[in-house]
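Just below is one structure, and these are the notes that go with it.
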Amino acid sequence: MNKKIAIIGAGGFGREVKWLIDSINVQKKEWDFVGYYDDDLTERKNIKSELLLGNIDDLNSIQEPLAIVIAIGSPDFKEKIVSRLTNKNLYFPTLIHPTCSIGNNVLIGDGTIICASNIITTDIVIKKFVTINLACTIGHDSVIENYCSIMPSVNVSGEVLMCQNVYVGTGAKIINQINIGSHSIIGAGAVVIKDISANSTAVGVPAKIILK
C-alpha cells in the first residue's frame with residue numbers, strides 16, 4: 001500500500017514539491033498525494049479547491065499515519081511550523097528527486113527536500129528540514145544544519161559549515177572551509193570568501209555583512 005503524503009505550503013514551491021513527489025512516483029509508485037495545508041488558502045494559483053484541505057493546526061487532528069513535507073522557504077517559519085505539529089500520527093520523510101547525484105557517506109535528515117539536478121558529493125551531513133532547491137552543488141565534508149534553505153543554483157564548496165536556519169539566495173557561491181553562523185542570510189549572487197557571523201545578512205561580490 002502506498003503511503004499518504006500532504007504538503008504544507010500551497011504556494012509556488014508547494015506545487016514544485018508536488019512535482020517532485022510525482023517524479024518519485026514515476027520511478028516507483030510510493031506516495032498517494034492527498035492535498036495541501038496552509039494557514040492562508042485564498043487565491044491559490046493552479047491548485048484545485050478539493051486539494052486545499054485546511055490550515056496547519058488541522059493536521060493535529062489527523063487520526064492515521066500521514067507523511068508531511070514542509071514546502072516553505074523561510075528557515076525560521078519552517079521551524080515554527082514543526083513546533084506546532086504535535087500529532088504523533090505525522091511523520092516527515094526525506095524527499096530526493098530522481099535526477100540528483102549523491103555520493104558516498106552522505107547523511108540526510110528527516111524532513112529534508114532535495115530538488116531536481118543537485119550534485120551532492122561525498123562525506124556530507126545534511127540535517128533535518130533542510131531545503132536544497134534546483135541545481136545546487138554541495139562539496140565534500142560539508143555540514144548543513146537543521147532548517148537551512150538553499151535556493152536554486154547555489155554552489156557550496158568543500159568543508160563548509162552552514163549552521164542552523166541559514167537562508168542562501170539564488171546563485172550564491174560559498175568557497176571552501178567557510179563557516180556561516182546560524183540565522184544568517186546570504187543574498188542572491190553573493191560570493192562568500194570569509195566566515196559570516198550569526199544573525200547577519202551578507203550580500204555582494206565578495207560578500208560583505210550589511211546587517212547584523
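No value in this document is a laboratory result; all are computed from the given coordinates. Quick caveat: nothing in here was measured; it's all calculated off a predicted structure. Cβ sites come from the backbone with ideal geometry, for glycine too, and all protein chains shown count toward neighbours.
General observations
- Residues located in segment 109-123, provided they are more than 17 Å from V154 (Cβ to Cβ) and under 16 Å from the mean Cα position of the chain (by Cα): G109, D110, G111
- Yes/no for I209 being surrounded by fewer than 17 Cβ atoms within 10 Å (Cβ to Cβ) and out of contact with any strand residue (DSSP E or B) (no Cβ under 6 Å at 6 or more places or on another chain): no
- Criterion: crowded, with 16+ Cβ neighbours inside 10 Å and farther than 17 Å from G73 by Cα - qualifying residue of I185, I120: I120
- Taking each residue of segment 125-149 that is closer than 11 Å to V168 by Cβ and looking for partners that are assigned to a strand (DSSP E or B) and among the aromatic types (F, W, Y) with beta-carbon atoms closer than 9 Å, six or more apart or interchain, yields C148/Y167; S149/Y167.
- A count restricted to segment 192-212 and to residues that are hydrophobic (A, V, I, L, M, F, W, C) and assigned to a strand (DSSP E or B) stands at 7.
- Scope segment 57-83; condition surrounded by fewer than 14 Cβ atoms within 10 Å (Cβ to Cβ) and over 18 Å from the mean Cα position of the chain (by Cα); matching residues: D57, D58, N60, S61, Q63, E64, P65
- When segment 172-191 is filtered for residues that are within 20 Å of I126 (Cβ to Cβ), without any contact (Cβ under 8 Å) to a residue 60 or more places away in the chain and assigned to a loop (DSSP other than H, G, I, E, B), the ones remaining, listed by number, are A172, I175, N176, Q177, I178, G181, S182, S184.
- Scanning segment 23-39 for residues that are in a helix (DSSP H, G or I) and in contact with a strand residue (DSSP E or B) (Cβ under 8 Å, 6 or more places away or on another chain) gives I24, N25.
- Test: residue in segment 7-22 that is over 20 Å from the mean Cα position of the chain (by Cα) and more than 23 Å from I126 (Cα to Cα): no
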